[in-house]
Amino acid sequence: MELFDILDKNGKPTGFTATRGTQLQDGQFYLGVHIYIYNATLEFLLQQRSYDKTFLPGGWDVVLEHVIAGETSKEAAVRGIAEEIGLYVQGDIIFAVRMVWEHYPHIVDVYIAKTNAAISELCLGHSEVIGAKFVSKAEMLAHISGMSYRPKEYRQFITNEILKL
């Protein structure tokens, strides 16, 4: 059973924890991480989520992870990459932004990571991830544009970050 720290709107721990799926009260938030991974040829990694997932079953997305109680968001990002696709990154992962999503009770820390790994080197966490592929910068930008399930300011920020690479 995973426990998550409950945070306030400013990202400060409230001293309370909750299990996955617990309905939070107003002003309470979970912390999650999104990791955008790219390679030297500016291709971006997308992974196909398991059909058993509640959010976006069978859909293509970046590495997503909830931060477990007592863990930092960077630790969760490193753990999530290892668990979901079998890559171990430490120094090549850079914090990009923290966003508060009032509509969903989530605070999301976004990271960008560079890898030299090929798809054939990935070891997918099959309970969560059933496929992976690298896509071109243009394809990734189109994918982000189509993320209607994410706030507009999130999509704009990520688009701008990718255009800088």
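The values are calculated or read from the model by the stated rules, or taken from the named source; none is laboratory data. Computed from a predicted model, the values in this text were never measured in an experiment. Methodologically, a virtual Cβ is constructed for each residue, glycine included, from the backbone with ideal geometry; neighbour enumeration extends over all protein chains shown. Please note that ligands, DNA and RNA were not included when accessible areas were found on the heavy atoms of the full protein model with its side chains. Shrake-Rupley method; radii C 1.70, N 1.55, O 1.52, S 1.80 Å.
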Report summary line: Filtering the stretch 140-165 down to residues that are surrounded by 14 or more Cβ atoms within 10 Å (Cβ to Cβ), free of Cβ contacts under 8 Å to residues at least 12 places away in the same chain and assigned to a helix (DSSP H, G or I) yields R155
Query - Conditions (1) at pLDDT 95 or above; (2) more than 26 Å from A138 (Cα to Cα); (3) out of contact with any Phe, Trp or Tyr (no Cβ under 9 Å at 6 or more places or on another chain); (4) surrounded by fewer than 17 Cβ atoms within 10 Å (Cβ to Cβ); number of the one not met by A76 - result: (4)
Query raised in the report: Do we find a residue being among the polar types (S, T, N, Q), within 30 Å of A138 (Cβ to Cβ) and within 19 Å of the chain's Cα centre (by Cα) anywhere in the stretch 53-71?
Result: no
Report task. Looking at (1) open to solvent by 70 Å² or more (accessible area, probe 1.4 Å); (2) within 26 Å of S127 (Cα to Cα), find the lone condition where P13 falls short. Result -> (2)
